[in-house]
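One structure is given here, and the rest of the page talks about it.
The values are calculated or read from the model by the stated rules, or taken from the named source; none is laboratory data. This structure is a prediction, so every number in the text was calculated from the model and none was measured. Glycine gets a Cβ as well: all are built from the backbone with ideal geometry, and neighbour counts include every protein chain shown. Keep in mind that these areas ignore ligands, DNA and RNA; they rest on the heavy atoms of the full protein, side chains included. Shrake-Rupley method; radii C 1.70, N 1.55, O 1.52, S 1.80 Å.
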Amino acid sequence: EGEMTEAKENAEIDTAELVQPSDVIIDEQRGDHLKFHLPICSHATLSWIVAGMAFLFGGIFLATSLANLVNFEKFDLIRTLFLIPFVMGGLVPISVGLFALRGRITADITSQRIKVRYHLGLIGKSKEMATDQITEVKLMTGAPSDSRIQSKSGRSHSNNIAASVVKSADHMIPLTLIHDKPTARYVTQLVRRQLREMGVEFP
């Protein structure tokens, strides 16, 4: 049932008149080029929860490590070198928190390739796929019918889980990460239409 629901949504998505979500910003859109961006996480409450936990854990870890460094009675090179990885270990969750609050997903689509970058300013990671390798631009949803995962109210917790992805025969690139279904659906529609306008054919 979940697969049938997903297939129906994907079949209808190109003809649906969807309202552009406020968190999807189109930087450039013309016949041979589409570039847009959106936050890593569009749920403000969730992003603050993730950031708060990351800052708390990273701050405690970092403060403890720095305290051990500055409390030396004399400089000890071996101990300093030993503590450096622990200092870096405190910076990692802090970076995760910053990504949750200020991180972006930027998609840049031309007739030759699609490039998706997950980044915070200049720091980030990019994934790229040639347009002639694309087999599907799909809205992946969570809509299982198993009653064991239904809430007491009879509604599934997974009904709002969705991701927009670009797929080839051997790998997949997410266009959205922590976003609601309307945002993922709009991004799917936006990318499908752009690719088809550029002559890219896929099922």
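For region 84-98, does any single residue satisfy the condition of being of a type in the set (S, T, Y) and modelled with pLDDT of 75 or more?
Yes; the residues of region 84-98 include at least one that is of a type in the set (S, T, Y) and modelled with pLDDT of 75 or more.
Of all residues in region 44-55, which are of a type in the set (A, V, I, L, M, F, W, C) and open to solvent by 80 Å² or more (accessible area, probe 1.4 Å)?
W48, I49, M53 - these are the residues of region 44-55 that are of a type in the set (A, V, I, L, M, F, W, C) and open to solvent by 80 Å² or more (accessible area, probe 1.4 Å).
Quick check on my filter: what residues within region 19-43 are aliphatic (A, V, I, L, M) and either surrounded by 15 or more Cβ atoms within 10 Å (Cβ to Cβ) or more than 23 Å from the chain's Cα centre (by Cα) (or both)?
Matches in region 19-43: V24, L34, L38, I40.
Looking only at residues that are out of contact with any helix residue (DSSP H, G or I) (no Cβ under 9 Å at 6 or more places or on another chain) and in a loop (DSSP other than H, G, I, E, B) in region 16-31, which one is farthest from R192 (Cα to Cα)?
For region 16-31, the residue satisfying everything is S22.
Please go through region 161-203 and give me each residue that is in a loop (DSSP other than H, G, I, E, B) and among the charged types (D, E, K, R), ordered by number.
Once the filter is applied, which keeps residues that are in a loop (DSSP other than H, G, I, E, B) and among the charged types (D, E, K, R), region 161-203 yields D170, D180, E201.
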